[in-house]
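Heads up: the structure comes next, in structure tokens.
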Amino acid sequence: MKNDAEEKVSEFYNTDGWKTEGDVTEDAARWEDLRACAREYISKCRLRVLRHIPADGEFMLDMASGPIQYREYLEYSGGYRKRYCVDLSSGALEAAKNRIKDHGVFLCGSFFDVPLEDNFFDCSISLHTIYHIDRDKQEEAVRKLIAVTKPGRPVIIVYSNPRTIVRTLVLPFLFLGRMVRQLRKADNGKAEEPVLYFFAHPLIWWDRFHDAADIKIMPWRSFHSDIQKALIPNNKFGKKMFKTLFSLEERFPAFFARHFQYPMIILRKKN
């Protein structure tokens, strides 16, 4: 049974979220940096997940898979016999099925309600999903991910850090800009964009899973797309800035994971 947070997410992704204009989904248009200068950097960030996925196995779980909308996402299950895609949106799963066909098993519904066998998956991933789950149910979701994954195998979660260096400096300006955009839309008679439920626990929250898994936190990406677009210009200089940023993330992973926007949580289930 869906709770209020899931209802909001389900409503958006079963209506506008996965609609496409050309090759771009509404989700990507709103929340991704699609500029040419960022393309190489973003691709490299997505492929960071692949570093922690075992090279081969029988079954992979993709929790809230969406339509597997990016090319890099397709690579994650290349060494696996089946990729189990769980999502609230039937439209997303239909699009995912068109992409991976018989390679996939497609399960529509709340992750909490979908029956999955313990110790079944060789790897489980969840990208930009846990923070859209009710704050009081996020631990339950993570523990289910751990439970259905085999001992010694990883659960890989891309999460959000609520306590970043940039947030303190930039957030007031972003909030003001968002208010101005909403007022302009109201003046034009346009409805406000739906707001998805969002709550990110501080990184220390992940320590509670030490009883079930070894925990490693690595950087996935440093900035939210709005901040990224505000700070880095869409030109050759911006492309060089992205190359430098990626190099710094690689060189100082602990610093960037702790102080910037998107950490990647790797939970390796204990035997």
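The values are calculated or read from the model by the stated rules, or taken from the named source; none is laboratory data. Because the structure is a prediction, the values reported are computed rather than measured. Glycine also receives a Cβ, built like all others from the backbone with ideal geometry; neighbour counts cover every protein chain displayed.
Are any residues in the range 53-76 modelled with pLDDT of 95 or more, under 19 Å from Asn119 (Cβ atoms) and not aliphatic (A, V, I, L, M), and if so, which ones?
Pro54, Glu58, Phe59, Asp62 - these are the residues of the range 53-76 that are modelled with pLDDT of 95 or more, under 19 Å from Asn119 (Cβ atoms) and not aliphatic (A, V, I, L, M).
Which one of these does Cys123 not meet: (1) without any contact (Cβ under 8 Å) to a residue 60 or more places away in the chain; (2) on the phi < 0 side of the Ramachandran plot?
(1)
What number of residues within the range 78-92 satisfy the criterion of being in contact with a strand residue (DSSP E or B) (Cβ under 7 Å, 6 or more places away or on another chain), within 10 Å of Ser65 (Cβ to Cβ) and not charged (D, E, K, R)?
Within the range 78-92, residues that are in contact with a strand residue (DSSP E or B) (Cβ under 7 Å, 6 or more places away or on another chain), within 10 Å of Ser65 (Cβ to Cβ) and not charged (D, E, K, R) number 3.
Can you confirm whether Ser110 is among the hydroxyl-bearing types (Ser, Thr, Tyr), in contact (Cβ under 8 Å) with a residue 12 or more places away in the chain and assigned to a loop (DSSP other than H, G, I, E, B)? Walk me through it before giving the result.
Values: among the hydroxyl-bearing types (Ser, Thr, Tyr): yes; in contact (Cβ under 8 Å) with a residue 12 or more places away in the chain: yes; assigned to a loop (DSSP other than H, G, I, E, B): yes.
Taking the combined requirement at face value, the residue satisfies it.
Taking the range 108-134 as the region of interest, how many residues are surrounded by 18 or more Cβ atoms within 10 Å (Cβ to Cβ), over 13 Å from Phe59 (Cα atoms) and of a type in the set (A, V, I, L, M, F, W, C)?
Summing the residues that are surrounded by 18 or more Cβ atoms within 10 Å (Cβ to Cβ), over 13 Å from Phe59 (Cα atoms) and of a type in the set (A, V, I, L, M, F, W, C) in the range 108-134 gives 4.
What is the residue count in the range 17-42 for residues that are aromatic (Phe, Trp, Tyr) and either surrounded by fewer than 18 Cβ atoms within 10 Å (Cβ to Cβ) or more than 20 Å from His128 (Cα to Cα) (or both)?
1
Ile53: on the phi > 0 side of the Ramachandran plot, in a loop (DSSP other than H, G, I, E, B) and surrounded by 18 or more Cβ atoms within 10 Å (Cβ to Cβ), yes or no?
Criteria not met by Ile53.
Would you please list the contacts, defined by Cβ atoms under 6 Å and residues six or more apart or on different chains, that run from a residue in the range 229-254 that is of a type outside the set (Ser, Thr, Tyr) to a residue that is at pLDDT 95 or above and surrounded by fewer than 17 Cβ atoms within 10 Å (Cβ to Cβ)?
If the second residue must be at pLDDT 95 or above and surrounded by fewer than 17 Cβ atoms within 10 Å (Cβ to Cβ), the pairs left are Phe246/Lys44.
Keeping to the range 56-86, report how many residues are in a strand (DSSP E or B) and without any contact (Cβ under 8 Å) to a residue 40 or more places away in the chain.
So the answer is 6.
Suppose we filter Arg39, Arg46, Arg30 for residues that are assigned to a helix (DSSP H, G or I), modelled with pLDDT under 95 and of a type in the set (Lys, Arg); which single one remains?
Every option except Arg30 fails the conditions.
For residues in the range 80-107 being out of contact with any Leu (no Cβ under 7 Å at 6 or more places or on another chain) and under 20 Å from Ile157 (Cβ atoms), which is surrounded by the fewest Cβ atoms within 10 Å (Cβ to Cβ)?
Among them, the one singled out is Leu107.
Starting from residues that are charged (D, E, K, R) and assigned to a loop (DSSP other than H, G, I, E, B), keep the ones in the range 1-27 and report whichever is farthest from Val195 (Cα to Cα).
Applying the filter and picking the extreme gives Asp23.
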